[in-house]
Amino acid sequence: MGNLRLIATIAASLFCACTYAAAPANAPAGTTGLCNDGTFYSGATKQGACKGHKGVKEWYAETTATTPAKPAPATPSASAPPPTPAPQTAPTPAPSAPAKVAAGGGGSGQVWVNKSTKVYHCPGDKWYGKTKEGEYLSEADAKAQGFKPDHGKACK
């Protein structure tokens, strides 16, 4: 009985070591990691993640192999009948996401405002969604609240 309990404990600890944490609800869409300084990272690989942000604190994405394994080619046999094609059905439309959420950011027309510097960053900017104190707003709202564009350049 003691050995069974020991084996179960070891199996549970190995399972926990292999699972990945889910990104927190307040993280931008597409987040794959949390940096030690509290900013989020959205790159595909852990290598080089959070460079300049004191390293990776927590990784949310699974680590995948760089090249997927190729399936072995099927060899048809002379005696086997050809496979029956699957019936064609119309694709089910995907549920629409809220307008504010877009991959890797705040959504269409949204800027990231840095509350501590009173500067806003456009999508594609190095600091978009990455500063510690900030939120997504429309560019008009950011200007109305007194935020200035990064380096004096408004978004396109």
Could you list, in their original order, any pairs among Lys51/Lys118; Lys57/Lys143; Lys57/Lys126 whose Cα atoms are separated by more than 31 Å? Lys57/Lys143
Please give every one of the aspartates and glutamates within straight-line cross-link reach of Lys132, meaning a C-alpha to C-alpha distance under 13 Å, and leave out same-chain neighbours fewer than 8 residues apart. Asp37
Residues whose modelled amide H sits under 5 Å from the amide H of Ser138, counting only those 5 or more places away in sequence or on another chain, are Val111
Pop out the ³J(HN,Hα) list for segment 141-156 in order, Karplus 6.51 cos²θ - 1.76 cosθ + 1.60 with θ = phi - 60°, rounded to Hz; leave Gly and Pro as x. 5, 4, 5, 5, 8, x, 7, 10, x, 4, 6, x, 10, 6, 6, 7
Dividing the Cα radius of gyration by the Kirkwood radius, what Rg/Rh value follows for segment 102-156? 0.90
Sequence-distant aspartates and glutamates (8 or more away, or on other chains) whose Cα lies within less than 12 Å of Lys148: Glu139
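The numbers here are math on the coordinates, done by the rules we state, and not lab data. The model shown is predicted, which means the values in this text are computed figures rather than measured ones.
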